[in-house]
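> Handing you this structure, nothing more for now.
No value in this document is a laboratory result; all are computed from the given coordinates. Fair warning: this is a prediction, and the values are worked out from it, not measured in the lab. Positions of Cβ are backbone-derived with ideal geometry, glycine not excepted, and every protein chain shown enters the neighbour counts.
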């Protein structure tokens, strides 16, 4: 019997090929393992030990991903039939198209349709100001008066006289 793998688990070529076929069709590792009669953990261990088998598994999952994309494209562009009812009875069908799937496909294949979100995570120093929401205009006015009084007190302490409302200290 021709076997694939190393260590205590060896798959026959037939079992391996059947596993890869089911994996490519279902995309679910544990289903493929159960169908061919091996444990999912045994498959994971074999993938760690046998790089060729691991690559074949990755390829099977790519085939599955491609089939998902083909189905999404079909539903977005060709649509799917849906029954139309009148007084509880089917009276016809209509084609239903998926705008969401079409948007996802556009974003996947055409960069101009992608969300362009960027974040600068470089920190070079400075002050981080976190603004908290204010419950009401009265709260805002109260906080403003407190902050103004604190600034004016600082100015008085620095300059020694009381009227610096138009110009901060130099």
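> If I model a spin label at residue 66 and residue 30 as a point 7 Å from the Cα along the Cα→Cβ vector, what separation in nanometres do I get?
Here the modelled spin labels are 2.8 nm apart.
> Just to compare against my own numbers: the Cα pair-distance distribution for the range 3-71, 10 Å bins, whole % per bin, please.
Bins of 10 Å from zero give 23, 57, 17, 3 percent of pairs.
> Two decimals, Cα atoms only, Kirkwood Rh: what is Rg/Rh over the range 41-81? List each step's numbers first, then the result.
Working: Rg = 15.5 Å, Rh = 12.0 Å.
That ratio is 1.29, to two decimals.
> Highest mean first, how do 26-33, 110-117, 99-106 rank when packing is the count of other Cβ atoms within 10 Å averaged over residues? Intermediate values should be presented prior to the final figure.
Working: 26-33: 16.5, 110-117: 7.9, 99-106: 13.4.
Most protected by this proxy first, the peptides run 26-33, 99-106, 110-117.
> Fully extended, how many nm does the chain gain between residue 154 and residue 110 (0.36 nm per residue separation, minus their Cα-Cα distance)?
10.2 nm
> Once fully extended, how much extra length lies between residue 51 and residue 93, figured as 0.36 nm per residue of separation less the alpha-carbon to alpha-carbon distance? Intermediate values should be presented prior to the final figure.
On the way: separation 42, 0.36 × 42 = 15.12 nm, distance 4.99 nm.
Length gained, residue 51 through residue 93: 10.1 nm.
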